[in-house]
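K.L.:
First the structure, then my questions, so here it is.
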2 protein chains.
Amino acid sequence: MLLPEGVAIDGATGTVTPSTGRYEKRLSDLRGFFHDDAALDRAIATDGDRVAYEVIDYRHEDSDLSFGTTIMMPGTVGGEYIITRGHFHLRKECGEAYYTQSGEGLLLLESRDGEVKTVEMKPGVCAFIPPEWAHRSINTGKDKLVFVWFCATDAGHDYGIIKDRGMRKLVVERNGKPTLVDNPNHA
Amino acid sequence: MLLPEGVAIDGATGTVTPSTGRYEKRLSDLRGFFHDDAALDRAIATDGDRVAYEVIDYRHEDSDLSFGTTIMMPGTVGGEYIITRGHFHLRKECGEAYYTQSGEGLLLLESRDGEVKTVEMKPGVCAFIPPEWAHRSINTGKDKLVFVWFCATDAGHDYGIIKDRGMRKLVVERNGKPTLVDNPNHA
């Protein structure tokens with residue numbers, strides 16, 4: 001039987017104690033997600049294949065609800081701010097909540113029929129992600145962006161659609177400010 | 001179709017903006033949950049039938065995941081700290097997460113077969129409540145206790161078992177400190 005437990009979450013660093021798993025994505029892991037492959041190659045050649053974001057989870061298969069943190073590094077690639085891959089949930093009834101702890105960003109969402117929405121990510125804002133909206137987090141700030149996510153344990157991730165077609169919009173730095181523009185690669 | 005939304009949560013006051021519902025429980029609503037009815041009568045006679053706690057939710061029937069805040073006032077009744085009613089979920093596979101934002105408290109949990117656990121509630125700690133553990137929050141501090149909860153929308157609440165039998169343990173103030181003692185009324 002699962003036991004109750006206090007899980008310490010550091011809102012500045014994103015550490016989760018205790019945690020059950022973690023992974024990180026480096027710039028090269030995001031090839032095909034950024035809009036400009038040549039700029040990605042140059043970024044890796046210049047700065048090295050640095051970590052773009054890290055995900056730490058607290059997850060038990062015997063509980064319906066899981067949570068964890070995502071820690072996103074600042075920076076741009078070809079003018080595009082650092083992004084997560086973005087996904088739909090495999091189980092169509094599953095939403096999610098992203099509760100920002102530190103930093104600033106944009107949550108970019110796209111429905112199955114191509115409607116686009118953004119939600120500002122900043123401390124104290126819990127972004128509600130309804131079922132059937134693909135979602136990608138974007139660090140538009142100068143510091144780490146740290147948020148806590150809460151999601152059904154069996155929601156599942158479909159990264160393929162976003163990888164294959166791209167999202168309709170990008171968030172790029174224009175005059176130092178995050179700006180939503182059309183994705184030239186959207187299929 | 002549900003739309004994404006940024007929900008502002010004030011960790012000091014517990015306000016949720018926008019919210020979809022709210023309720024409050026006053027001392028008299030907790031008759032039968034505190035261990036000492038006579039002390040409850042005296043507290044109401046002395047201080048009035050004050051609010052013990054308030055719950056504000058952000059909930060959509062078309063999303064599997066809901067969240068909200070619980071705002072608990074400080075104080076004691078017959079030496080027992082202010083409590084929530086405590087509940088099992090109706091759907092046995094449903095757990096919950098309580099992420100404390102301000103104040104200090106104890107989460108008191110009891111399994112179906114009578115095992116008792118506590119989890120410290122303090123800012124930065126997200127309490128994991130596994131399925132099939134009844135849970136009651138207790139404000140053991142001098143200020144408000146505010147936490148954000150995340151739960152399946154259809155988890156359901158069974159308050160009856162706790163009301164009828166009581167929990168096995170109480171948290172009372174002894175020498176100014178929260179102390180776990182046997183509940184003399186436990187059936």
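Here, each number is a calculation from the coordinates, and none is a lab measurement. Note that the structure is predicted; figures quoted are calculated from it, not measured. As a convention, Cβ positions derive from the backbone with ideal geometry for all residues, glycine included, and neighbour counts pool all protein chains shown.
K.L.:
From A:Val119, A:Val146, which residue is within 25 Å of B:Gln101 (Cβ to Cβ) and without any contact (Cβ under 8 Å) to a residue 60 or more places away in the chain?
P.N.:
Exactly one residue qualifies, and that residue is A:Val119.
K.L.:
Find all pairs meeting these conditions: Cβ atoms under 8 angstrom apart; at least six residues apart or on different chains; first residue within region B:1-18 and facing another protein chain (nearest Cβ under 8 Å) and aliphatic (A, V, I, L, M); second residue loosely packed, with under 13 Cβ neighbours inside 10 Å and not in a strand (DSSP E or B).
P.N.:
B:Leu2/B:Asp62; B:Val7/B:Pro18
K.L.:
If you don't mind, there's one more thing I want to ask. Mind checking whether some residue in region A:90-106 is among the aliphatic types (A, V, I, L, M) and over 17 Å from A:Lys169 (Cα atoms)?
P.N.:
Within region A:90-106 (the criterion being among the aliphatic types (A, V, I, L, M) and over 17 Å from A:Lys169 (Cα atoms)), the answer is yes, since at least one residue qualifies.
K.L.:
State yes or no: is B:Ile161 among the hydrophobic types (A, V, I, L, M, F, W, C) and outside any strand (DSSP E or B)?
P.N.:
Taking the combined requirement at face value, the residue satisfies it.
K.L.:
Would a scan of region A:19-28 turn up a residue that is within 14 Å of chain B (Cβ to nearest Cβ), out of contact with any Leu (no Cβ under 7 Å at 6 or more places or on another chain) and surrounded by 13 or more Cβ atoms within 10 Å (Cβ to Cβ)?
P.N.:
Yes, region A:19-28 contains at least one residue that is within 14 Å of chain B (Cβ to nearest Cβ), out of contact with any Leu (no Cβ under 7 Å at 6 or more places or on another chain) and surrounded by 13 or more Cβ atoms within 10 Å (Cβ to Cβ).
K.L.:
Taking region B:117-143 only, how many residues are surrounded by fewer than 18 Cβ atoms within 10 Å (Cβ to Cβ), of a type in the set (Lys, Arg) and more than 9 Å from every other protein chain (Cβ to nearest Cβ)?
P.N.:
1
K.L.:
Return the residues of region A:90-116 that are of a type in the set (D, E, K, R) and crowded, with 17+ Cβ neighbours inside 10 Å; say none if nothing qualifies.
P.N.:
A:Glu96, A:Glu104, A:Glu110
K.L.:
Can you name every residue in region A:33-52 that is touching a residue at least 40 places away in the same chain (Cβ under 8 Å) and closer than 20 Å to A:Thr140 by Cα?
P.N.:
Those that are touching a residue at least 40 places away in the same chain (Cβ under 8 Å) and closer than 20 Å to A:Thr140 by Cα: A:Phe33, A:Phe34, A:His35, A:Asp36, A:Ala39.
K.L.:
Please state which of the following conditions A:Asp62 fails to meet, knowing it meets all the rest: (1) in contact (Cβ under 8 Å) with a residue 40 or more places away in the chain; (2) under 18 Å from the mean Cα position of the chain (by Cα); (3) over 28 Å from B:Ala8 (Cα atoms); (4) exposed (fewer than 15 other Cβ atoms within 10 Å of the Cβ).
P.N.:
A:Asp62 satisfies all of (1) in contact (Cβ under 8 Å) with a residue 40 or more places away in the chain; (2) under 18 Å from the mean Cα position of the chain (by Cα); (3) over 28 Å from B:Ala8 (Cα atoms); (4) exposed (fewer than 15 other Cβ atoms within 10 Å of the Cβ) except (2).
K.L.:
Taking B:Tyr58 as the residue in question, decide whether it is among the aromatic types (Phe, Trp, Tyr) and more than 9 Å from chain A (Cβ to nearest Cβ).
P.N.:
no
K.L.:
Among the residues of region B:1-31, write down those that are among the basic types (Lys, Arg) and within 24 Å of A:Val116 (Cα to Cα).
P.N.:
The answer is none; no residue qualifies.
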